[in-house]
1. Quick one: Gln112 ticks every box in (1) open to solvent by less than 50 Å² (accessible area, probe 1.4 Å); (2) more than 21 Å from Ala84 (Cβ to Cβ) bar one, so which box is it?
2. Can you work out which of the residues in region 139-159 that are of a type outside the set (A, V, I, L, M, F, W, C) and surrounded by 17 or more Cβ atoms within 10 Å (Cβ to Cβ) is nearest to Leu177 (Cα to Cα)?
3. Consider region 70-90. How many of its residues are surrounded by fewer than 17 Cβ atoms within 10 Å (Cβ to Cβ), modelled with pLDDT of 85 or more and assigned to a helix (DSSP H, G or I)?
4. Among the residues of region 142-180, which ones are in contact (Cβ under 8 Å) with a residue 24 or more places away in the chain and β-branched (Val, Ile, Thr)?
5. Going through region 91-107 one residue at a time, which ones are open to solvent by less than 40 Å² (accessible area, probe 1.4 Å) and among the aromatic types (Phe, Trp, Tyr)?
6. Here are Pro27, Pro22: which of them is under 21 Å from Lys143 (Cβ atoms) and modelled with pLDDT under 55?
Amino acid sequence: MNLRLAAFFFCAAVTASQAQSPSWVDPALLAAAKAEGALTVYGSMNEQEALPLWKRFEEATKAYNDAKARIPALGKEHWPMLYASGIAFERTKQWDKAEADFLKALEFDPEQPYVLNYLGYSWVEQGKNLDKARGMIELAVKKRPRDGYIIDSLGWVLYRTGYYVEAVEGLERAVELLPGDPVLLDHLGDAYWQ
């Protein structure tokens, strides 16, 4: 695999996780990344280089599989990698693998709002586990009450389960927080139409 691409996915996951859990990286994995020059490569990338790489989810799944294979035993500190890996698998239509990674991440951090939201919203989109999805998203909203995307997810599950008045209230709140987002506006439009 292209070192530059592997470095991007590895370091993007590290960077994204720093605010939540600065020590999530397994020391052996970090040592391997340093030895391969991955951190230096990532640090030298500009935004124009990084943006197209972020959307290369097929390659990301391989990079995350390689990373997971280097870790002898996954632990609580690895939830961000499992979350990022789950997203890559979901985007490449490998739902069983995505769901397994999200569920494993939640085993390590059961109240992690981003994982709760992503898995809950995915279930809503698939029309399955709607009650459980709603509970997960409600917990995510409690953890991140000003996150428009998470609030949108709650409005969307309410809409999909027939609670249209409550859905409109939540979706309006989400659009207030993120007024230009086309997905949120589409969800609100659907709810108004009911």
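The values are calculated or read from the model by the stated rules, or taken from the named source; none is laboratory data. The shown structure was predicted, so the numbers you read here are calculated from the model rather than taken from an experiment. Using ideal geometry, Cβ is built from the backbone for each residue, glycine included, and neighbour counts are taken over all protein chains shown. We work out accessible area using only protein heavy atoms, side chains counted, and drop any ligands, DNA or RNA first. Shrake-Rupley method; radii C 1.70, N 1.55, O 1.52, S 1.80 Å.
1. (2)
2. Among those that are of a type outside the set (A, V, I, L, M, F, W, C) and surrounded by 17 or more Cβ atoms within 10 Å (Cβ to Cβ), it is Gly148.
3. Qualifying residue count for the region: 1.
4. Ile150, Ile151, Val157, Thr161, Val168, Val175
5. Residue satisfying the conditions is Phe102 alone.
6. Checking each option against the conditions leaves just Pro22.
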